[in-house]
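Peer 1: Input: one structure, supplied below.
The values are calculated or read from the model by the stated rules, or taken from the named source; none is laboratory data. None of the values given here were measured: they were computed from a predicted structure. Positions of Cβ are generated from backbone atoms using ideal geometry, with glycine treated the same way; all protein chains shown enter the neighbour counts.
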Amino acid sequence: MELILDCGDYSLRNSFAPSFISSLYESLGPDVWVKVAGNLGGMLKLEQRGRRLIIISTARISKVELEHIAILETGLWHEEFERGISRLPKGFREAAEALAEAYPGVRIPIAPWDFEYILTAVLLSKRASYEIVRRWCRELWEIFQENLRMLASAKPAALRRITRSYQLLDAARSMRDLIRIIEEPGRIRKEIIERFGAPREPISSYILGMPPEIARLILLSAWGIGPKVADSTILSTFKAPHFIPCDVHLRKFIKRLRLVEGFRMPEKNICKKFLCGGEPALGLDPCPSQKCIRAILRPLGELGGWMQTLIYLHGKEYCKSTRPRCGECPLRSLCPGSEIQIRSQIRHHD
């Protein structure tokens, strides 16, 4: 079955490169991706040719269902985020305009049916390059498929055959703890249980049946799942583009451009007790923290997750922690620290 969609100024390359959805795909080129794991694994191919997105599948599903899956997994479910830039606060508006010009056509792919895969990939990404994470994932998908319980119960020796890095052992521990939530519902706030019922298997169905803000609290209740992991997972599995994974790239970018002063990164012990902004819900009070960067960035609205994605791309390409490429940076005119960094590099070179 083949479908052809008019995708406009969309970029499959720029959208997939920073997305955890790409852990389920193999790239046959920057504009050709084949799904190898999860829903339609081995049965879905995506290819962009200019303004056309070509979707090919060998699955026995209807064209309507195939189009629905492809639109979500490519990020085409959301209109161009660039349309909302004019509504951003001035400093962020200027940065967003420059980032959008440097990295055009970015959307946010989501795959709710692959929740377990996405959570695994996100857990593995702690202090690890995404290239390494993709390699680990390829081996994991072959061994465990989507069976969350198999990974959680795997022996350490079996996991060490994939990698001796701590990320995989920690991921298995987080999975075990998340599964225990099913068996020990007392760990979940009673207001949530009263609204959504006691936890049930599969845990993904339970979590996906909640508003993303409540689902975040469930994820944060598990060992080893902090705000960045929870937000990254939800951004890739829910229609929740306002979720902002606060990672090292975001922190560095905001500091270097001096967009916000005196902020703090989200803290698990606080995040798991309160809702992040908004009105009280299910007996949960809004977070009292006034300096948390996640709360400060709330005015970005639906552009929050998109802008964080652009910042991630920019951090990988130019705004690096060590040896940043300030002299070539397309945002140099907006960055107060760029000239200082350039002069420092010149002195070092001399």
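Peer 1: If you take just the strands (runs of 3 or more DSSP E) that sit entirely in segment 1-117, which of them hold at least 2 residues that are under 20 Å from the mean Cα position of the chain (by Cα) and more than 30 Å from GLU261 (Cβ to Cβ)? It would help to see each step written out before you state the result.
Peer 2: Numbers: elements: 2-6, 25-29, 32-35, 44-49, 52-57.
Answer list for segment 1-117: 25-29, 32-35.
Peer 1: Right, another one. Checking the conditions here, which among CYS276, CYS287 is closer than 16 Å to PRO211 by Cα and touching a Cys at 6+ places or on another chain (Cβ under 6 Å)?
Peer 2: CYS276
Peer 1: Tell me the residue from ILE132, ILE118, ILE143, ILE188 that is buried (at least 22 other Cβ atoms within 10 Å of the Cβ) and among the β-branched types (Val, Ile, Thr), please. Before the answer, list the steps.
Peer 2: On the way: ILE132 fails: buried (at least 22 other Cβ atoms within 10 Å of the Cβ); ILE143 fails: buried (at least 22 other Cβ atoms within 10 Å of the Cβ); ILE188 fails: buried (at least 22 other Cβ atoms within 10 Å of the Cβ).
Matching residue, one of ILE132, ILE118, ILE143, ILE188: ILE118.
Peer 1: While we're looking at this one, here's another question. Which residue out of ILE181, ILE132, ILE143 is modelled with pLDDT under 95 and over 17 Å from LEU24 (Cβ atoms)?
Peer 2: The conditions single out ILE181.
Peer 1: Related question: Can you tell me which residue within segment 248-265, out of those that are closer than 18 Å to LEU300 by Cα and within 16 Å of the chain's Cα centre (by Cα), is surrounded by the fewest Cβ atoms within 10 Å (Cβ to Cβ)?
Peer 2: If we take residues in segment 248-265 being closer than 18 Å to LEU300 by Cα and within 16 Å of the chain's Cα centre (by Cα), then ARG251 is surrounded by the fewest Cβ atoms within 10 Å (Cβ to Cβ).
Peer 1: Let me ask another. For segment 219-229, does any single residue satisfy the condition of being without any contact (Cβ under 8 Å) to a residue 60 or more places away in the chain, part of a helix (DSSP H, G or I), buried (at least 21 other Cβ atoms within 10 Å of the Cβ) and not aliphatic (A, V, I, L, M)?
Peer 2: Among the residues of segment 219-229, at least one is without any contact (Cβ under 8 Å) to a residue 60 or more places away in the chain, part of a helix (DSSP H, G or I), buried (at least 21 other Cβ atoms within 10 Å of the Cβ) and not aliphatic (A, V, I, L, M), which makes the answer yes.
Peer 1: Take the conditions part of a helix (DSSP H, G or I), of a type in the set (Asp, Glu) and without any contact (Cβ under 8 Å) to a residue 60 or more places away in the chain and apply them to GLU142. Does it pass?
Peer 2: Yes; evaluated as a whole, the condition is true for this residue.
Peer 1: Yes or no: GLY262 more than 25 Å from LYS239 (Cβ to Cβ) and assigned to a loop (DSSP other than H, G, I, E, B)?
Peer 2: Spelling it out, GLY262 is indeed more than 25 Å from LYS239 (Cβ to Cβ) and assigned to a loop (DSSP other than H, G, I, E, B).
Peer 1: Among (1) of a type outside the set (Gly, Ala, Ser); (2) out of contact with any Leu (no Cβ under 7 Å at 6 or more places or on another chain); (3) crowded, with 21+ Cβ neighbours inside 10 Å; (4) assigned to a loop (DSSP other than H, G, I, E, B), where does PRO245 come up short?
Peer 2: (2)
Peer 1: List the number of the failed condition for ARG173; all other conditions in (1) at pLDDT 90 or above; (2) out of contact with any strand residue (DSSP E or B) (no Cβ under 9 Å at 6 or more places or on another chain); (3) under 25 Å from PRO241 (Cα atoms); (4) surrounded by fewer than 19 Cβ atoms within 10 Å (Cβ to Cβ) hold.
Peer 2: Against the list (1) at pLDDT 90 or above; (2) out of contact with any strand residue (DSSP E or B) (no Cβ under 9 Å at 6 or more places or on another chain); (3) under 25 Å from PRO241 (Cα atoms); (4) surrounded by fewer than 19 Cβ atoms within 10 Å (Cβ to Cβ), ARG173 comes up short only on (3).
Peer 1: Restricting attention to segment 278-291, which residues are outside any strand (DSSP E or B) and surrounded by fewer than 16 Cβ atoms within 10 Å (Cβ to Cβ)?
Peer 2: GLY278, GLU279, PRO280, GLY283, ASP285, PRO288, GLN290, LYS291
Peer 1: Considering GLU73, GLU26, GLU47, GLU82, which residue is more than 20 Å from PRO241 (Cβ to Cβ) and surrounded by 15 or more Cβ atoms within 10 Å (Cβ to Cβ)?
Peer 2: GLU47
Peer 1: Also, I was wondering about something else. Could you check, for segment 154-168, whether at least one of its residues is out of contact with any strand residue (DSSP E or B) (no Cβ under 6 Å at 6 or more places or on another chain), farther than 24 Å from ILE108 by Cα, outside any loop (DSSP other than H, G, I, E, B) and polar (S, T, N, Q)?
Peer 2: Yes: segment 154-168 contains one or more residues that are out of contact with any strand residue (DSSP E or B) (no Cβ under 6 Å at 6 or more places or on another chain), farther than 24 Å from ILE108 by Cα, outside any loop (DSSP other than H, G, I, E, B) and polar (S, T, N, Q).
Peer 1: Is it true that LEU235 is surrounded by fewer than 21 Cβ atoms within 10 Å (Cβ to Cβ) and either within 28 Å of PRO202 (Cβ to Cβ) or touching a residue at least 60 places away in the same chain (Cβ under 8 Å) (or both)?
Peer 2: no
Peer 1: Condition first: touching a residue at least 24 places away in the same chain (Cβ under 8 Å), in the same structural domain as LEU168 (by TED's automatic domain parsing), out of contact with any Gly (no Cβ under 7 Å at 6 or more places or on another chain) and assigned to a loop (DSSP other than H, G, I, E, B). Can you find one or more residues in segment 127-139 that meet it?
Peer 2: yes
Peer 1: Can you name the number of the only condition in (1) buried (at least 19 other Cβ atoms within 10 Å of the Cβ); (2) not assigned by TED's automatic domain parsing to the domain that holds SER205 that PRO104 fails?
Peer 2: Failed condition: (1).
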